[in-house]
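The values are calculated or read from the model by the stated rules, or taken from the named source; none is laboratory data. The structure displayed is predicted, hence computed values, not measured ones. A quick note on method: Cβ atoms are made from the backbone with ideal geometry, for glycine too, and the neighbour counts reach across all protein chains shown.
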Amino acid sequence: MFAGKTILEIVLIGGFTMYILLFCSLISIAVFLERLMYYRKLSKIKRIEFMTAIKRALHSKNMERAAEICRITPAPFSRVVYSGLERCNLSGKEISNAMEREITVETGKLERYTSIVATIGNTAVYIGLFGTVLGIIRAFHDISAAGAGGMSIVIGGVAEALVCTATGLFVAIPAVIAYNYFTKRVEHFITDMELCASEFIDLIGAK
């Protein structure tokens, strides 16, 4: 059916829904690459090494050094610890609340744009099915207008219409995989932030 056809010709066969799906695919790829680079940049900083440096600074009662370590460390957990350092003169409850708020803020940054990929993963299949239904309607309309038809014409029209469903799956499956990957990475960062916050509270209490 599609032997010898170019990608552009196949897109034209699918109709305007193919353009929507291709647009969704481009957005999904752009978000995936942006988040991938962002997460990899953050993953270069190790939580254990960071907290070891913070422990040394706090044990020597050098709060300025601890704050400097947080400022020069571009990681979510460093900003959580810094929010605690800024309130060292307050009660443990207030410090804990401040760090919890910072964790919420940093989680929002980590999850930025990921909902777009999730939406594409959930809707691309339905967009493809919509294109397929339109294609089938068009195929039967053409047969009716011609006043003649046969099984080969019907099958040909349906096969051409199903290209939209295939494209929808092609867009949706990678988007779902990407979103699951994002979710796991965000959970890992949240765990690091929570561990750093808990450890920092213990360090402050041990002073």
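Residue count for segment 30-75 satisfying the condition of being among the hydrophobic types (A, V, I, L, M, F, W, C) and farther than 25 Å from SER115 by Cα: 14.
Only one of (1) at pLDDT 90 or above; (2) of a type in the set (S, T, N, Q); (3) closer than 26 Å to ILE116 by Cβ is not met by SER78, so which one is it? Failing condition for SER78: (3).
Listed residues GLY131, GLY150, GLY84, GLY135; which is modelled with pLDDT under 80 and surrounded by 21 or more Cβ atoms within 10 Å (Cβ to Cβ)?
The conditions single out GLY135.
Give segment 62-91 a look and list any residue that's assigned to a helix (DSSP H, G or I), touching a residue at least 24 places away in the same chain (Cβ under 8 Å) and small (Gly, Ala, Ser), or say none. If the condition is that a residue be assigned to a helix (DSSP H, G or I), touching a residue at least 24 places away in the same chain (Cβ under 8 Å) and small (Gly, Ala, Ser), then SER78, GLY84 are the ones that fit.
Among the conditions (1) free of Cβ contacts under 8 Å to residues at least 40 places away in the same chain; (2) surrounded by fewer than 21 Cβ atoms within 10 Å (Cβ to Cβ); (3) of a type in the set (Gly, Ala, Ser), SER25 misses just one, which is (1).
So, LEU58, is that one modelled with pLDDT under 90 and not β-branched (Val, Ile, Thr) or not? Can you show your working first?
On the way: modelled with pLDDT under 90: yes; not β-branched (Val, Ile, Thr): yes.
Yes; evaluated as a whole, the condition is true for this residue.
Taking the numbered list (1) surrounded by fewer than 12 Cβ atoms within 10 Å (Cβ to Cβ); (2) at pLDDT 95 or above in turn, ASN180 passes all entries but (1).
With respect to LEU12, determine if the residue is surrounded by fewer than 18 Cβ atoms within 10 Å (Cβ to Cβ), modelled with pLDDT under 95, under 31 Å from the mean Cα position of the chain (by Cα) and at negative phi. Criteria met by LEU12.
SER28 meets all of the listed conditions (1) closer than 30 Å to ALA197 by Cα; (2) modelled with pLDDT of 90 or more; (3) hydroxyl-bearing (Ser, Thr, Tyr) but one, namely (1). All of (1) outside any loop (DSSP other than H, G, I, E, B); (2) surrounded by 13 or more Cβ atoms within 10 Å (Cβ to Cβ) hold for SER115 with one exception: (2). Among the residues making up segment 30-70, those that are among the basic types (Lys, Arg) and surrounded by 11 or more Cβ atoms within 10 Å (Cβ to Cβ) are ARG35, LYS41, LYS46, ARG47, LYS55, ARG56, ARG65.
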